[in-house]
Amino acid sequence: MPDRPFELHDLRRILRESAGIDESADLGGETLDTEFDALGIDSVALMETASRISREHGVQLDDEELTTSTTARRLMEMVNERRR
Amino acid sequence: MSAAAPVVTGIGIAAPNGLGTARYWTATRAGESGIGPVTRFDAARYPSRLAGEVPGFDAADHLPTRLLPQTDHMTRLALVAAEEALADAAVDPAEPGEPGSGDLDDPGARGVVTASSAGGFEFGQRELEMLWSRGSEHVSAYQSFAWFYAVNTGQISIRHGLKGPGGVLVTDQAGGLDAIAEARRQLRRRSRLIVSGGVDGAICPWGWAAQLTGGRLCTGDDPATAYLPFDERAAGHVPAEGGAILVLEDAAAARSRAAPRVYGEIAGYAAGFDPRPGTGRGPTLRRVIESALRDAAMRPADIGAVFADAAAVPGLDGEETAAIAAVFGERAVPVTAPKTMLGRMYAGAAALDVATALLTIRDGIIPPTINVRPARRHPIDIVLGAPRPAPVRAAAVIARGHGGFNSVLVVRAAGTAPPGPGTEPARGTHHARQAV
């Protein structure tokens, strides 16, 4: 497990694998604050994303943390907060 | 909602001898086989090593990347076929309230009913392997639905905004017909459009192991002698993937939105179940064919082609040809089994046969049964080797599912319903209707 903050490139890769988010869709800039719903990431995709984050970064988000992480920025913040 | 038979206004096909209706129909008319060695997994150590696989299918070419992590191979095929069928029907159900669409903007007016036999077996196998080898935290969240029988119905519904009735029929090979019949029921209630049919496939070690236990898979490595229904050499079938998705519409609804094409009507249907073995009672297939004809208010002589189930199990073949001969007369109707080019695709097979029957009606060409040298004991006229030109106004599709399911569906050219009891009279003949 990497001993470093959970970064945008980590989330990008995980979202590609877990939610099929196209690599060409630049997750950054404005989309960092776009609601997952609007990006086509539904609740199951978010569960799959959380499961991969847990496996790869050792951070297990509970249901409430997950349902409040409705954008990429908030999800990254949540993961990094839990890493501390 | 109108009492007239529902119509088929769109067809989408994924078959081992061609992806897409045009490619499939060109290949099928020419008698081109899609059966070959299994490529989806290493089948070398299994007794059965041939399959009908949809050629050159790269899901990423056809579907948004978002759908890839969450779909089994057969669901991807189903989504591509559904998209083709809806485009063919020139209807985008997700766009409500088109002028002239009638009640299409009513969310309850459009739905999906498909057939399934095993669900997403390949997906399920992969996740079970993860569970056993690495632990539950490695199992995909999508396993919650991707393996499931109803998954094609759900994914088609979500993708195209079909929010009305949703359902799935699981009756093995009979499912493709049973799903269309359920779609017809929904269209007789308040639905205007139902996407129906079936696409199936489980060409993976788990699916293979399950099918091998059924004892009906043929062995051998020669595609030309593997699946030989009605032949003395008949020794089981080749499994296949694929099927067809159809757009079914209420006839008046299709007329009011000026649907670009009507392939034909779902004229009649019946289903029956064989008695338990050992009871001494015979199979129900003959009665099911007769019931379907009665439901269509048609006589045996009205049927221009029969699409056989073609189990390639000698006893089952005998039952089927005896039933066909009993209803239609010996060698009185052309019988064909395009499955001999494809293999058996379980819940997808009969839906594809319905699509093929409609294309046969459209073009007046009955596609051939290939490779087969019919045994003399089968008193039927099989369309062998080459396509047979014939003006077909109506066709019957027979489908039999493992365990005793028998279903028969009759399709006919639109607007050719014969007069008689049970049929909807032509417009402007209200008096005749009252007389009945």
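The values are calculated or read from the model by the stated rules, or taken from the named source; none is laboratory data. Predicted model, so just to flag it, every value in this text is computed and none were measured. Please note: Cβ atoms are built from the backbone with ideal geometry, for glycine as well, and neighbour counts cover all protein chains shown. When the accessible area is computed, the model is the full protein with side chains, heavy atoms only, and any ligands, DNA or RNA have been set aside. Shrake-Rupley method; radii C 1.70, N 1.55, O 1.52, S 1.80 Å.
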| note | Residue-ordered couplings for segment B:182-188, obtained by feeding phi - 60° into the Karplus form 6.51 cos²θ - 1.76 cosθ + 1.60 and rounding to whole Hz (Gly and Pro as x), are 5, 4, 4, 4, 5, 5, 7
| Rounded to the nearest 5, what % of the DSSP beta bridges within segment B:7-264 are antiparallel ones? | 60 percent
| remark: Between the modelled labels at B:ALA390 and A:SER43 (7 Å from Cα along Cα→Cβ) the distance in nm is 5.4 nm
| field | B:ASP231 long-range amide H proximity, modeled H, under 5 Å | value | B:ALA375
| task | Arrange the residues B:TRP132, B:TRP208 by how much accessible surface each exposes, largest first, with a 1.4 angstrom probe. | result | B:TRP132, B:TRP208
| Given a Förster radius of 30 Å and the C-beta distance between A:GLU81 and A:THR34 as r, what FRET efficiency does 1/(1 + (r/R0)^6) yield to the nearest 0.05? | 0.90
| said: What number comes out for accessible area per residue over the protein assembly as shown if the probe is 1.4 Å? Units Å², please. | reply: 41 Å²
| message | Which order do you get for B:ARG294, B:ARG159 if you rank them by accessible area with a 1.4 Å probe, largest at the top? | response | B:ARG294, B:ARG159
| request: Give the interface area between chains B and A as buried accessible surface, both sides summed, probe 1.4 Å, in Å² to the nearest 100. | output: 900 Å²
| note | Dipole check, chain A, charges on Cβ (K,R +1; D,E -1), about Cα centroid: among A:SER69, A:ALA50, A:ALA19 the Cα furthest to the positive pole belongs to A:ALA50
| remark: Quick shape check on chain B: root eigenvalues a ≥ b ≥ c of the Cα gyration tensor, a/c under 1.5 is rounded, otherwise prolate if a/b tops b/c, else oblate, and it reads oblate
| request: Hey, can you grab everything whose amide H is under 5 Å from the amide H of B:GLY111? Only 5+ residues off in sequence or another chain; H modelled, so Pro and N-termini drop out. | output: B:GLY164, B:LEU193, B:ILE194, B:VAL195
| Solvent-accessible ranking of B:LYS339, B:LYS163, largest area first, probe 1.4 Å | B:LYS163, B:LYS339
| query | Tell me, what ³J(HN,Hα) does each residue in segment B:152-169 have, in order and in whole Hz, if you take phi through Karplus 6.51 cos²θ - 1.76 cosθ + 1.60 with θ = phi - 60° and put x for Gly and Pro? | reply | 5, 4, x, 5, 5, 4, 5, 5, 10, x, 8, 9, x, x, x, x, 9, 10
